[in-house]
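Asks: Below: one structure in structure tokens.
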Amino acid sequence: MKATHFGLTGATVVMFMVLSPASALAFCLVCSCSVDVAPVAFGTINPLAGSATNTTGDVTVTCGPIGLPVGYDIQLSRGGSGTYAARTMTSGAHTLTYNLYKDGAHTEIWGDGGGGSAVVSNGFLIGLGATSKTDTIYARAPAAPTAWPGVYTDTITATIVW
């Protein structure tokens, strides 16, 4: 990759999961839950395109084998920027803005319920065998005509509240 201002920029968001203590799991007879995440990856962003780059990831919660209804909220942290207004990915001293949304129209920022963000609430009835629910993370990086070439990353913590 050429180190020019007009080169292509690779960008990714790395996501790690944290499973919080499970108070609602007391309703389960014999069950356990696990969480898996498919990271959000923007791939290569062309700064000359003049349009936003959209992509998705997802969070899957699996519980089983026997129990009663389980409800949960999924919260996403602010990441390295410390704000939901505009999360940022970094590559050395360079940054690119992006955000994570709970809807495909990119109108509700997915966060912890504070700072203008919303949480994703879901749940299911656990029956015999494992039951899974997947929630999609919608991501958007706005047009970045002044982006500098590099690999940009941010770390988001997902917390499951039972």
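The values are calculated or read from the model by the stated rules, or taken from the named source; none is laboratory data. Keep in mind that what you see is a predicted model, and the values were worked out from it rather than measured. To get the accessible areas, we keep the full protein, side chains included, count just its heavy atoms, and leave off ligands, DNA and RNA. Shrake-Rupley method; radii C 1.70, N 1.55, O 1.52, S 1.80 Å.
Asks: Could you tell me what a quarter of the Cα convex hull surface of region 27-162 works out to, in nm² with one decimal place? Write down the numbers at each step before the final one.
Replies: Numbers: hull surface 34.7 nm².
With the hull built on Cα positions only, its mean projection is 8.7 nm².
Asks: Apply the Kirkwood formula to region 112-156: the hydrodynamic radius equals the inverse of the mean of 1/r over all pairs of different alpha-carbon atoms; give it in Å with one decimal. Please list the in-between numbers first.
Replies: Values: mean 1/r = 0.0657 Å⁻¹.
Its Kirkwood hydrodynamic radius stands at 15.2 Å.
Asks: Counting only protein heavy atoms and a 1.4 Å probe, tell me what percentage of region 113-162's accessible area is made up of carbon and sulfur. Before the final figure, lay out each step's value.
Replies: Values: 1250 of 2230 Å².
Carbon and sulfur: 56 percent of the exposed surface of region 113-162.
Asks: What does the convex hull of the alpha-carbon atoms of region 56-116 project to on average, in nm²? Working shown, then result.
Replies: Working: hull surface 23.8 nm².
Reported value for the Cα convex hull: 6.0 nm².
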